[in-house]
1. Considering only segment 71-79, I want to know if a residue exists there that is at pLDDT 90 or above and among the polar types (S, T, N, Q).
2. Count, please, the residues in segment 29-52 that happen to be part of a loop (DSSP other than H, G, I, E, B), at pLDDT 90 or above and more than 19 Å from Asp70 (Cα to Cα).
3. On the given criteria, is Tyr97 assigned to a loop (DSSP other than H, G, I, E, B) and surrounded by 15 or more Cβ atoms within 10 Å (Cβ to Cβ)?
4. Could you identify the single residue in Tyr68, Tyr88, Tyr23, Tyr49 that is surrounded by 14 or more Cβ atoms within 10 Å (Cβ to Cβ) and free of Cβ contacts under 8 Å to residues at least 40 places away in the same chain?
5. Take the conditions more than 30 Å from Trp125 (Cα to Cα) and at pLDDT 95 or above and apply them to Gln56. Does it pass?
6. So which residues in segment 1-28 are small (Gly, Ala, Ser) and assigned to a strand (DSSP E or B)?
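The values are calculated or read from the model by the stated rules, or taken from the named source; none is laboratory data. In this text, all values refer to a predicted model and were calculated from it rather than measured experimentally. Heads up, the Cβs are rebuilt from the backbone with ideal geometry, glycines too, and the neighbour counts pull from every protein chain shown.
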Amino acid sequence: MKIDRQSDGTYPAYAWPGGYPLYYLDREDNILCPTCASQETNPVEGQVYYEGSTLQCDECFATIESAYGDPEAEQTEPAEDEPAEDDYTTSDYCTFYQYGKLAVSTEADHWQTAIAAHMDQQQMWPNVWHISDHGNAHLLSVE
């Protein structure tokens, strides 16, 4: 897309409205940051960078972050407010699952002792989560 120079002769770093980051391409399709694009006589085009991995300017090696981040990176890391595969999950405080299989079955009044003993036996201390009837995960304390 064609982006005009600002009143001071430089190309903008962000698109308005929205404040989305911009990057520029030269005639050889090299990626340019706004500073380097401003030094070129005629960059071919400017682009709003909505999402993707961090770009690097081919001239000065400055990094250009996308507005919404890298969707691939977000998928590889589990959310901190959700159980990981090795965490224990329960919906009734009697049966606890780990790795998709039943790991511990106990009386509801003694679940903390049973989970702590299983953790000690396995020499692993993952998180313990209660999954509500609405599907929401709530982190539990074993202590």
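1. Checked segment 71-79: no residue is at pLDDT 90 or above and among the polar types (S, T, N, Q).
2. So the count comes out to 2.
3. no
4. Tyr49
5. Spelling it out, Gln56 is indeed more than 30 Å from Trp125 (Cα to Cα) and at pLDDT 95 or above.
6. Listed by number, the list holds a single entry, Ala15.
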